[in-house]
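These notes are about the structure you will find just below.
The values are calculated or read from the model by the stated rules, or taken from the named source; none is laboratory data. Note that the coordinates shown come from a computational prediction; the quantities given were computed from them, not determined experimentally. Neighbour counts are summed over all protein chains in view; Cβ atoms, including those assigned to glycine, are modelled from backbone coordinates with ideal geometry.
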Amino acid sequence: MTSVERHPYDVVVIGAGGAGLRAVIEARQRGLSVAVVCKSLFGKAHTVMAEGGCAASMGNANSNDNWQVHFRDTMRGGKFLNNWRMAELHAREAPDRVWELETYGALFDRTADGRISQRNFGGHTYPRLAHVGDRTGLELIRTMQQKIVSLQQEDFKEHGDYEAKIKVFAECTITELIKDGDRIAGAFGYWRESGRFVLFETPAVVLATGGIGKSFKVTSNSWEYTGDGHALAMRAGASLINMEFVQFHPTGMVWPPSVKGILVTEGVRGDGGVLKNSEGKRFMFDYVPEVFKGQYAETEEEADRWYTDPDNNRRTPDLLPRDEVARAINAEVKAGRGSPHGGVFLDIASRMPAEEIKRRLPSMYHQFKELADVDITAEPMEVGPTCHYVMGGIEVDPDTAQSSVPGLFAAGECSGGMHGSNRLGGNSLSDLLVFGRRAGLGAASYVEGLADRPAVPESDVDSAAKAAVAPFDEPKDADASENPYTLHSDLQQSMNDLVGIIRKAEEIEQALAKLEEIKARVPNVTVEGHRQFNPGWHLALDLRNMLLVSECVAKAALRRTESRGGHTRDDHPQLDSLWRNRLLECRAEGEDAAVVAKEQIPMRQDLFELFEYSELAKYYSEDELAGHPGGEA
Ligand code: FAD
């Protein structure tokens, strides 16, 4: 039998970003024992990198804002493919979740009269992002960690042990979920430092593992984001949806090469920064798509007036949803009007005094100064699209966050549905809070309702351990031995070049062939040394997840023969009403991904009627519009 350290818990949360921490707090407040496991250091997650803010219709900056407007913006941003129930819960509950953070000790920036200040962001009708300068995610994580410490202090008083109810397992990677029959029974992984194996025996797992960005070469994501949660869920029998929709953020750094892809927050444009091409032209006015015509300013003068008088002017097209801006930048560069290093210019220097820029965007100022030797208060930045966020993820019940596998829950970026084909900026932090809480509640209710606890089959633990050490085996043919870094880099390059921001059938097919070839080489991956901190081994294990998830993205992208949100097909450049209500679901068949199409559940009537008939008519078929009162006139 494999030597494995064992830990029994009521709930195991995999991931210590915003979604994971919020789930931990909720499950613990229901009295359950919770382990939180994270691959990196506790506190180092994407959430901590979030700069711009957290979207919530608090109405502080514009009293016209409310959950219905936020709901509409979210659905529009996602081009109506969103799971509308998730979008509804998110819009309704986000303001309470932001307030709640202040009860944990967060301190958001304030308006002159002392309310939480809110900033403009792409696709949001009103200033809606609660923020802390450009370090909002850091404040979220700081306060949720602080809340966890305060709960641990309460536990110490009651049980004499700080870790009686919540224990953090940092730098510990989960490689397999274990089931008893059809329900979750545990999670298997290894300590990154020692390589020792660890088993969590638990009836409920909340996946909160974040994104998949590391499957692409140019990305704002850091090393942890290899799609582990997505792949773990698939291998446990759950489905993923919307995997063809990958968000390429329009503004990543393009220079120097060592920092290519690092994010330049949308807050720069929200606070007044504008995009220009090499001719100095504010080109976004040329790229307002038909479905948004009439909603955005048509002249620079109107766009500039909007910053100070939003009620009487339309917003700048610099703040169109991200997919539109990313495509526009791509087109300008292709047309030869790009910046010297293959991006375009983002100018805030000419738009406000240097001190104001440093006050509002301190991280951006330092990021450019230190990494590119550019002073953003004096010269424009060079920016271009970077793989940023995956809209696709584990399919869950909107209210409980449970997947189709009993005992398996998911929240945050690794879950799917909420954002449809494209996420609005700021809607992720609010998503983490709303659905992290719901996943914690869902898992707690599930555990409380169990008649008996599942048992971990020992044979499955042995198989998980065997799979984990496989990269140390000698290859059968020494000449065929593969280096995990080479395969990793081949995978990233293929996804970047062939399933990136602009796609076409023949290139996606090439990508799929390349993925097959890489998959065939994986069994020959060998790593040297031993299990003690061995990054080559860690990467060899991540590769399996990256391949499965990349295959989902490519297969779904090939199947969807239209362009919508974060999926642009050069060979099918328009929205196609045939695809309006079709979702693509991915399931694992062994180590392969299979994709099937299914219909979206029609929107509830009261939500449907929140939209003007004329707007829906741009997306919906006549049949779908039949029940809308606007059509009867
Ligand atoms: P993360 O915060 O990504 O955390 C994932 C956790 O899972 C980590 O703890 C990781 O170690 C752990 N993990 C992963 N795999 C495993 C495994 N196998 N075993 C154990 N642990 C594992 N959104 C906004 O709304 N507003 C913004 O202003 C904003 N700015 C952003 C800026 C940047 C640079 C980036 C990259 C993203 C930004 N986003 C923003 C998006 C947002 O930050 C993320 O979508 C969100 O934080 C994801 O949170 P999460 O809780 O789902 O996962």
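Residue under question is S494, and the condition is that it be out of contact with any Pro (no Cβ under 7 Å at 6 or more places or on another chain), of a type outside the set (A, V, I, L, M), under 23 Å from R423 (Cβ atoms) and in a helix (DSSP H, G or I); does it hold?
no
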Check: Do you know which residues across the stretch 373-403 are within 16 Å of the ligand (Cβ to nearest atom), of a type in the set (S, T, N, Q) and either part of a strand (DSSP E or B) or more than 21 Å from the chain's Cα centre (by Cα) (or both)?
Finding: T386
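So for the stretch 265-272 (the condition being among the aliphatic types (A, V, I, L, M) and out of contact with any strand residue (DSSP E or B) (no Cβ under 7 Å at 6 or more places or on another chain)), does at least one residue qualify? Working first, answer last.
Going through the stretch 265-272, the residues among the aliphatic types (A, V, I, L, M) turn out to be 268.
After this cut, where a residue has to be out of contact with any strand residue (DSSP E or B) (no Cβ under 7 Å at 6 or more places or on another chain) as well, the list is none.
For the stretch 265-272, residues among the aliphatic types (A, V, I, L, M) and out of contact with any strand residue (DSSP E or B) (no Cβ under 7 Å at 6 or more places or on another chain): absent.
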Note to self: Among the numbered criteria (1) surrounded by fewer than 23 Cβ atoms within 10 Å (Cβ to Cβ); (2) closer than 24 Å to E395 by Cβ; (3) more than 13 Å from the ligand (Cβ to nearest atom); (4) under 21 Å from the mean Cα position of the chain (by Cα), which one does R235 miss?
What the structure shows: (3)
Check: Under 6 Å by Cβ, and 6 or more places apart or on different chains, what pairs join a residue from the stretch 51-70 that is among the small types (G, A, S) with one that is modelled with pLDDT of 95 or more and away from the ligand (no atom under 16 Å from the Cβ)?
Finding: S57/D65; S57/N66; S57/W67; G59/D65
Margin query: Any residue that is in contact with a Cys (Cβ under 6 Å, 6 or more places away or on another chain), part of a helix (DSSP H, G or I) and closer than 19 Å to E591 by Cβ - is there at least one of those in the stretch 549-559?
Written below: yes
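Listed residues T226, T251; which is in contact with a helix residue (DSSP H, G or I) (Cβ under 8 Å, 6 or more places away or on another chain) and either part of a loop (DSSP other than H, G, I, E, B) or more than 13 Å from the ligand (Cβ to nearest atom) (or both)? Give the steps one after another, and end with the answer.
Details: T251 fails: either part of a loop (DSSP other than H, G, I, E, B) or more than 13 Å from the ligand (Cβ to nearest atom) (or both).
Exactly one of T226, T251 is in contact with a helix residue (DSSP H, G or I) (Cβ under 8 Å, 6 or more places away or on another chain) and either part of a loop (DSSP other than H, G, I, E, B) or more than 13 Å from the ligand (Cβ to nearest atom) (or both), namely T226.
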Checklist line | Filter pass, F292 being surrounded by 23 or more Cβ atoms within 10 Å (Cβ to Cβ) and more than 20 Å from L432 (Cβ to Cβ) | finding: no
Check: Only one of (1) part of a loop (DSSP other than H, G, I, E, B); (2) crowded, with 24+ Cβ neighbours inside 10 Å; (3) more than 8 Å from the ligand (Cβ to nearest atom) is not met by A187, so which one is it?
Finding: (1)
Next item on the list: Name every residue in the stretch 476-495 that is out of contact with any Gly (no Cβ under 8 Å at 6 or more places or on another chain) and crowded, with 18+ Cβ neighbours inside 10 Å, in order of residue number.
Entry: E482, L487, H488, L491, Q492, S494, M495
Margin query: Any residue at all in the stretch 261-279 that's within 13 Å of the ligand (Cβ to nearest atom) and assigned to a strand (DSSP E or B)?
Written below: yes
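Results for (1) in contact (Cβ under 8 Å) with a residue 60 or more places away in the chain; (2) surrounded by fewer than 20 Cβ atoms within 10 Å (Cβ to Cβ), shown as yes or no for each residue.
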site	(1), (2)
Y365	no, no
K369	no, yes
D375	no, yes
H388	yes, no
I394	yes, no
S403	yes, no
P406	yes, yes
G420	yes, no
R423	yes, no
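Scan the stretch 32-53 residue by residue and report those that are outside any helix (DSSP H, G or I) and more than 6 Å from the ligand (Cβ to nearest atom). Explain how you work it out, then say what you get.
Applying the first criterion (outside any helix (DSSP H, G or I)) to the stretch 32-53 yields 32-45, 50-53.
Listed by number, the residues that qualify are L32, S33, V34, A35, V36, L41, F42, G43, K44.
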Notebook entry, point to check: Before we move on, is K79 of a type in the set (D, E, K, R) and within 15 Å of the ligand (Cβ to nearest atom)?
Noted result: no
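A quick yes/no check of all residues on (1) surrounded by 15 or more Cβ atoms within 10 Å (Cβ to Cβ); (2) touching a helix residue (DSSP H, G or I) at 6+ places or on another chain (Cβ under 6 Å):
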position	(1), (2)
R580	yes, no
A588	yes, yes
E591	no, no
V595	yes, yes
A626	no, no
Next item on the list: Quick one: in the stretch 1-31, of everything that is among the basic types (K, R) and outside any helix (DSSP H, G or I), which residue is farthest from the ligand (Cβ to nearest atom)?
Entry: R30
Margin query: Can you tell me which residue is surrounded by the fewest Cβ atoms within 10 Å (Cβ to Cβ) among those in the stretch 129-143 that are hydrophobic (A, V, I, L, M, F, W, C) and under 19 Å from the mean Cα position of the chain (by Cα)?
Written below: L138
Checklist line | Test result for S445, more than 29 Å from the chain's Cα centre (by Cα) and either β-branched (V, I, T) or surrounded by fewer than 20 Cβ atoms within 10 Å (Cβ to Cβ) (or both) | finding: no
Next item on the list: May I ask you to list the residues in the stretch 404-419 that are at negative phi, within 15 Å of the ligand (Cβ to nearest atom) and not in a helix (DSSP H, G or I)?
Entry: L408, F409, A410, A411, S415, G416, M418, H419
Next item on the list: Scan G211, G237 and give me the residue that is assigned by the TED database to the domain that holds A27 and on the phi > 0 side of the Ramachandran plot.
Entry: G237
Next item on the list: Go through (1) within 11 Å of the ligand (Cβ to nearest atom); (2) among the aliphatic types (A, V, I, L, M); (3) modelled with pLDDT under 95 and name the single condition L177 misses.
Entry: (3)
Item checked: Conditions (1) in a strand (DSSP E or B); (2) closer than 15 Å to L578 by Cα: number failed by D623 -> (1)
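Condition test on Q532, is it under 20 Å from K39 (Cα atoms), surrounded by fewer than 23 Cβ atoms within 10 Å (Cβ to Cβ) and not assigned by the TED database to the domain that holds Y225?
On the way: under 20 Å from K39 (Cα atoms): yes; surrounded by fewer than 23 Cβ atoms within 10 Å (Cβ to Cβ): yes; not assigned by the TED database to the domain that holds Y225: yes.
Considered against the rule, which asks whether it is under 20 Å from K39 (Cα atoms), surrounded by fewer than 23 Cβ atoms within 10 Å (Cβ to Cβ) and not assigned by the TED database to the domain that holds Y225, Q532 comes out as yes.
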Checklist line | Whichever residue in the stretch 467-496 is over 18 Å from P535 (Cα atoms) and touching a residue at least 60 places away in the same chain (Cβ under 8 Å) and, among such residues, is farthest from the chain's Cα centre (by Cα) | finding: Q493
Note to self: Please pick out the residue among E51, E88, E93 that is acidic (D, E), within 17 Å of the chain's Cα centre (by Cα) and under 30 Å from V246 (Cα atoms).
What the structure shows: E51
